[in-house]
Structures are given as structure tokens and as C-alpha cells.
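Have a look at the structure below, then the notes.
The values are calculated or read from the model by the stated rules, or taken from the named source; none is laboratory data. From a predicted model like this one, the values you see are computed outputs, not experimental measurements. Counting neighbours? That spans all protein chains shown, and the Cβs are built from the backbone with ideal geometry, glycine included. What goes into the accessible areas is simple: the full protein's heavy atoms, side chains included, and nothing from ligands, DNA or RNA. Shrake-Rupley method; radii C 1.70, N 1.55, O 1.52, S 1.80 Å.
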Amino acid sequence: MPKITVVIPLYNKANFIKETLQSVYAQSFTDYEVVVINDGSTDGSEHHVLSLKNEKTILINQFNNGLSNARNTGIEHASGSIICLLDADDLWLPNHLQKIANLVDSYPEAQLYGTAYSELLPNGLLVKPKTKTSFKATTLLIEDYFKTSAQQPFITPSSFGFKKKIIRTIGGFDPTITYAEDTDFFIRANLNYKLAFDATTTCHYRYESENQITRSKLSLKKQPDYAKYLLENAGNDSLKRFIHLNYYYLCNSYKAERATEAFIAMRKNVDTAFLNSKQRFLLYAPPAMLNSIRYFKQKMLFKGKRLTTF
């Protein structure tokens, strides 16, 4: 059996899946298999998988049932003891799986693994996320995942792996959630297990590719039940700040969409004590001003300059 199973959920990514798979096949670490779950694609994505004719790859076709269900199907069919997630439009550098395998061997106390990533913009620019990861060591155990994630995430699903056996304890991805499924899984995983991290950039996360969730209205999506985690972990201050920042991000998204009812309901959840002055300003800013600021930030990002409220 392979040591690592790469799980790739696939839905209408015909323009990207071939390049994504080629980045997997170019890995220096070769003890792996690939499970691609074609979640009811209607653009012929699966034909690009078959055209590569790679014996390491298993293609599973199913009716469209969402990202979480597709990932759970892939995990269920995985032969490897380590699961590495990869979205069907993201890319790995050739050393990614080797870095994950090294973490597995070097940190036996960990069950979760991650590497650094860069965002790949549509114009080809690579931009590093704004994170709290100025570590002295290249590899380390993360002491507090939620504190380290208080800015942009320092890992992305495509730079993340875990031991398959943890699913028996924390469960898989929640299929009832239709936005931030990854955040929900990361919360459960990091509340229960240690994360080993390699600060080497080994993944390129594609920013706003076709049919990405960011193109649909978040106010129509079901969010994780963050209140449950707050209630169950009342003494975890870094988790509180992490969740209230997520509430804040959702508020701004709802406001930008002019989903007034959703904004008002979510605003009631936000404890502004966890926000800085810039964030509080944006929380109370009118929609037109917020959207203008967002537009300017994106224009600057596409020039390689990231502006944040941190």
C-alpha cells in the first residue's frame, strides 16, 4: 500500500485539472496514489484525468453532492495512511509530498501536517499570504493553530495532510456545510491533534479560479456552527478570537452582497473586542465604501501589493 493518498475533488475544472495532476506526477516522492472524485462534472473534466493514463490514479465518478461529500468519498477509498488534500485547480511544487513525508517521520507526536503556500493570481503573479509565521526554524510543531491563523491562514487545504485514522475520532468533512467546510474541519482537527509545519512554500493556491465558491453569494451558503465550538471550548481564548474574526469576515461579505438580513444576524455574533480599529471601521462602514475599499485592495493585490487590516 502507498504511504500517501492524494485526494482531489473534481467539479468542472476542465481548464485546470490536467496541470494540477501533472504537478502531482512530477513529485520527487513517489510512494503515493491519487484518488480523483469526479463530483458530477458537466464540462468533461474527467476526460482530462483519463487522458493522462497514469497508473497511480483512481477515478471515481459520482453524482454531484458537494465538496465535503467528494472529499469524504476520496478518504474512504484511500489506501494510504496519510491523506493529502489537493483542490483540482491548485498546484504543487515537486518537493511537496517529500516535505509532508519528512514531517510524518520527524514528528511522530503529530497527526496533522502542513506547508506554506503562495497565491497564484490570474495574471500569473505569486503573492505570499499575510500570516503570523515568522518562525526561526524551518520545521516545527505549531503551539497554537488558532493564534497562528489570526491573520490569513498559514496553510490552505491543498498544503495540508493528516493521518487517515483521525477520521474515526473527529469525523470527516461536514456535508451539510456549503461554505468554510475546510475551516470547520481544521477547527475539529486542531482541537484534538498536533500540527507539524514546514515553512517551505510547496503549494500554489489558485486565486479565484472558475466556479470557485467566492463567485457565489455567501449569504446563500450554510456556514459552520461556530457557536458550538465556542460553547464546548469556553476557556480557549485564541479559538474565540479566531471565530470572532471569521464572524467579522462573514459580516463584511454579507454587507458587500447587500444581504442586509444576513449581515444583521451575523453582526450580533461579533464581539468587537477581538477586532482592531481598522476592522471595527470596516464593520460599520456603509456598503458602497466597503466595496470601494475591496476593489482598491484587489487592484493592488494584482500588482503584487497586499493590503490588509492587520
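Springs between alpha-carbon pairs under 10 angstrom, Gaussian network model over the chain: which of T201, T169, T183 fluctuates most? The residue with the greatest mean-square fluctuation here is T169. A protection proxy built from the mean count of other Cβ atoms within 10 Å ranks the segments 63-74, 292-303, most packed first, as 63-74, 292-303. Taking a ≥ b ≥ c as the square roots of the eigenvalues of the Cα gyration tensor, the stretch 90-186 is classed as rounded, since a/c falls below 1.5.
So for the stretch 165-282, taking the charge dipole from beta-carbon charges (+1 Lys/Arg, -1 Asp/Glu), which of N236, T272, L220 sits furthest toward the positive end? Of the candidates, T272 comes out farthest on the positive side. Share of carbon and sulfur in the accessible area of the stretch 110-213 stands at 49%, probe radius 1.4 Å. Computed over neighbours whose Cβ is under 13 Å from that of S292, the net charge equals +4, Lys and Arg +1, Asp and Glu -1.
Just need the relative contact order of the stretch 1-63 here, percent rounded to a whole number, with Cα pairs under 8 Å and 6+ apart.
Numbers: 94 pairs, mean separation 26.4, N = 63.
After rounding, I find 42 percent.
In plain terms, if you count all Cα to Cα distances in the chain and split them into 10 Å steps from zero, the share in each step is 6, 26, 36, 25, 7, 0 percent.
Looking at this model, which pairs from K3/K53; K13/K163; K18/K228; K128/K163; K194/K240 are more than 29 angstrom apart at the alpha-carbon? Don't skip to the end; give the middle numbers.
On the way: K3/K53 21 Å; K13/K163 27 Å; K18/K228 40 Å; K128/K163 27 Å; K194/K240 19 Å.
Violating the 29 Å Cα-Cα cut-off are K18/K228.
What FRET efficiency comes out for the pair L141/M289, r = Cβ-Cβ distance, R0 = 51 Å, nearest 0.05? Could the numbers behind the result be given before it?
Numbers: r = 42 Å, r/R0 = 0.82.
Here the calculated transfer efficiency is 0.75.
Annotation: per residue accessible area for the chain equals 46 Å², rounded to a whole number [probe 1.4 Å, protein chains only].
Report, to the nearest 10°, how far helix 237-256 tilts away from the longest principal axis of the Cα atoms in the chain, using its own Cα long axis and a range of 0 to 90°. Helix 237-256 sits at roughly 80 degrees to that axis. Computed from Cα atoms, the angle from the helix 67-76 axis to the main principal axis of the chain rounds to 30 degrees.
Annotation for the stretch 260-310 versus the stretch 34-113: alpha-carbon center distance of 34 Å.
Each peptide among 28-41, 260-273 gets the average number of other Cβ atoms lying within 10 Å of its residues, and from highest to lowest they stand as 28-41, 260-273. Per residue, the chain reaches -10500 deg cm²/dmol at 222 nm when only DSSP H runs of four or more residues are counted, each adding -39500 (n - 2.57). For the chain, the longest principal axis of the alpha carbon atoms and the long axis of helix 287-301 meet at an angle near 40°.
Please go through the stretch 129-227 and write out the GluC sites (Glu not before Pro) that DSSP classes as loop and that have at most 11 other C-beta atoms within 10 Å. Hits after loop and neighbour filter: E143.
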